[in-house]
1. Identify all aspartates and glutamates with a Cα-Cα distance to Lys34 below 19 Å; exclude those on the same chain that are fewer than 8 residues away in sequence.
2. Using θ = phi - 60° and the Karplus relation 6.51 cos²θ - 1.76 cosθ + 1.60, list the HN-Hα couplings for segment 36-51 in order, rounded to whole Hz, with x at every Gly or Pro.
3. Near Lys35, which lysines are there with a Cα under 22 Å away, not counting those fewer than 8 places off in the same chain?
Amino acid sequence: LQLSDSLIDRMKEPSSPSGRQHRGSGAVNDEELKKRIAEELALERARRDSEAQKRRLFGKLLERERISSNEHLTRAILRERAATEEERQRAQRL
């Protein structure tokens with residue numbers, strides 16, 4: 001997973017709105033930067049996992065709908081065949 005330059009720049013910025021300075025240099029120390037990167041990666045992973053889960057659930061829903069549609073279609077075809085056969089037998093008797 002690659003981080004964009006703008007994301008790394010944002011992570012280097014102080015996290016509080018007061019603009020606190022670290023070690024007098026105004027830069028985030030390495031430990032805090034590593035922590036922020038790890039947090040950002042964890043959030044990104046969670047987002048991807050969530051999206052993947054949504055896609056899986058949607059796929060299952062579509063599959064169930066397809067199966068249900070096929071069952072309804074099969075029943076309709078069988079009813080139509082039975083009606084056609086009944087009509088044919090009635091016509092034969094006459």
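Each value in this text was obtained by applying a stated rule to the coordinates, not by laboratory testing. The structure presented is a predicted model; accordingly, all values stated were derived computationally and were not measured.
1. Hits, sequence-local ones excluded: Asp5, Asp9, Glu13, Glu44.
2. In residue order, the calculated couplings are 5, 5, 4, 5, 5, 5, 5, 5, 5, 4, 5, 4, 5, 4, 5, 5 Hz.
3. Lys12
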